[in-house]
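Notes to accompany the following structure.
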Amino acid sequence: GEDVEQSLFLSVREGDSSVINCTYTDSSSTYLYWYKQEPGAGLQLLTYIFSNMDMKQDQRLTVLLNKKDKHLSLRIADTQTGDSAIYFCAEVWAGSYQLTFGKGTKLSVIP
Amino acid sequence: DVKVTQSSRYLVKRTGEKVFLECVQDMDHENMFWYRQDPGLGLRLIYFSYDVKMKEKGDIPEGYSVSREKKERFSLILESASTNQTSMYLCASSQGTGFAQETQYFGPGTRLLVL
């Protein structure tokens with residue numbers, strides 16, 4: 001398909017791990033991004049991964065990339081109520097400076 | 001830290017008014033972008049600019065125009081506001097000189113209500 005696909009909603013209990021999945025469109029995409037949007041705010045860059053990497057870890061965040069399946073995931077360990085937000089994945093195609101965004105996954109953390 | 005600011009957090013305008021949304025970045029970025037965000041539709045690119053006085057249409061440019069007279073400032077103009085332009089408007093900038101520099105940094109957003 002032509003769209004970056006994400007599930008719209010995810011609900012987890014505080015302390016559990018959250019896994020947000022994304023399917024992107026172009027196997028030649030160079031960088032893939034995860035952004036976080038808290039209510040009423042702009043988008044905050046969380047992390048990005050270069051397309052020749054399989055995994056990137058940054059504190060509680062783990063990004064996994066499966067280029068063959070064009071699948072990207074974001075795992076948040078020990079999810080906290082402050083992690084409640086909308087998470088967007090995005091890709092940049094080779095030779096472009098435009099980002100293509102998914103529609104966002106709303107993560108709700110239950111205390 | 002990169003800082004992208006938008007002139008207003010909230011705006012209320014009437015149908016037919018001319019509306020200016022201003023965005024300023026302080027990191028000497030080449031590229032600047034305007035998106036609108038609507039529930040269930042995600043972010044949609046309206047216009048972007050890769051240099052002063054240069055602009056390119058995004059996915060939904062109809063009803064909008066832009067102006068980039070200085071590198072740090074990118075304005076979005078609604079020539080005659082309509083109710084279907086009620087939305088959250090997000091500005092972003094990126095360095096624009098290589099792949100990793102395409103990381104976009106976003107402002108806080110302007111929530112526009114057109115009555």
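The values are calculated or read from the model by the stated rules, or taken from the named source; none is laboratory data. Worth saying up front: this structure is predicted, and the values here are computed from it rather than measured. Backbone-built Cβ (ideal geometry, glycine too); neighbour counts: all protein chains shown. Note: accessible area is taken over every heavy atom of the protein model, side chains too, but ligands, DNA and RNA are not part of it. Shrake-Rupley method; radii C 1.70, N 1.55, O 1.52, S 1.80 Å.
Within segment A:8-56, being within 14 Å of chain B (Cβ to nearest Cβ), open to solvent by 50 Å² or more (accessible area, probe 1.4 Å) and part of a loop (DSSP other than H, G, I, E, B) holds for A:L8, A:S28, A:E38, A:P39, A:N52, A:M53. Those strands (runs of 3 or more DSSP E) of segment B:1-97 in which 3 or more residues are more than 9 Å from chain A (Cβ to nearest Cβ) occupy B:10-13, B:19-25, B:31-38, B:42-51, B:54-57, B:65-70, B:73-78, B:87-94. One residue alone among B:E30, B:E62 is open to solvent by 50 Å² or more (accessible area, probe 1.4 Å) and modelled with pLDDT of 95 or more, and that residue is B:E62. Restricting segment A:57-80 to residues that are β-branched (V, I, T) and within 28 Å of B:P39 (Cβ to Cβ) leaves a set whose member that is nearest to the other protein chains (Cβ to nearest Cβ) is A:V63.
The condition (being modelled with pLDDT of 95 or more and not β-branched (V, I, T)) is satisfied by just one residue among B:K53, B:K13: B:K13.
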